[in-house]
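Here is the structure we will look at.
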Amino acid sequence: QVQLVESGGGLVQAGGSLRLSCAASGLTFSMYHMGWFRQTPGKEREFVAAISSSGGSTSYTDSVKGRFTISRDNAKDTVFLQMNSLKPDDTAVYYCAATHSWSEDYLSTRSSNYDTWGQGTQVTVSS
């Protein structure tokens with residue numbers, strides 16, 4: 001069975017950094033685009049970042065550009081989200097997601113296009 005397991009969340013002060021990891025199993029990792037989403041109570045799940053199956057293309061929501069970096073290590077079946085200069089507005093549950101790669105040039109920002117989801121990891125940023 002396909003599984004995604006996030007780790008690395010926690011409590012950090014504003015301006016600090018965290019690195020989230022997502023370990024994949026049960027799939028051919030190099031065939032999948034990977035994404036990070038986040039969600040707070042009362043809000044829709046929000047796109048954060050995505051990376052193509054090869055790692056050659058990335059996409060970010062405007063609010064995290066210049067602060068967050070998505071990367072992947074296909075040899076270890078793992079995708080990362082490096083989060084720097086964290087702000088209280090970044091507080092959310094962060095989810096890792098996978099979708100089959102049909103095109104290297106297209107990275108979806110819609111949660112409905114992703115097939116498999118992790119359980120999430122809490123990120124809390126204090127003022």
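The figures follow:
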| quantity | calculated |
| --- | --- |
| Rounded accessible area of Val5 (nearest 10 Å², 1.4 Å probe) | 90 |
| Positive-pole candidate from Thr124, Leu4, His100, dipole of the chain, charges at beta carbon | Thr124 |
| Solvent exposure ordering (accessible area, 1.4 Å, most first) of Glu6, Glu46 | Glu46, Glu6 |
| Inter-label distance for Ala14 and Val2, nm, one decimal - labels placed 7 Å from Cα along Cα-to-Cβ | 3.9 |
| DSSP beta bridge pairing in the range 7-127, given as percent antiparallel to the nearest 5 | 90 |
| Percent accessible area from carbon and sulfur atoms, the range 39-87, protein chains only, probe 1.4 Å | 43 |
| 24 Å Cα-Cα reach of Lys87 towards lysines, excluding residues that sit fewer than 8 places from it in its own chain | Lys43, Lys65 |
| Full-stretch length increase - Thr124, Ser57 - with 0.36 nm per residue and alpha-carbon distance subtracted | 21.3 nm |
| Relative contact order %, the chain, counting alpha carbon pairs below 8 Å whose residues are six or more apart | 36 |
| Per residue, in Å², the accessible surface of the chain once ligands and nucleic acids are set aside, probe 1.4 Å | 52 |
| Theoretical gain in end-to-end length, Lys43 to Asp89 [0.36 nm per residue, Cα-Cα removed] | 15.3 nm |
| FRET efficiency, Ala75 to Arg110 (Cβ-Cβ, R0 30 Å, nearest 0.05) | 0.55 |
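The values are calculated or read from the model by the stated rules, or taken from the named source; none is laboratory data. In this text, all values refer to a predicted model and were calculated from it rather than measured experimentally. Backbone-built Cβ (ideal geometry, glycine too); neighbour counts: all protein chains shown. The protein model used for the area step is the full one, side chains on, heavy atoms only, and it has no ligands, DNA or RNA in it. Shrake-Rupley method; radii C 1.70, N 1.55, O 1.52, S 1.80 Å.
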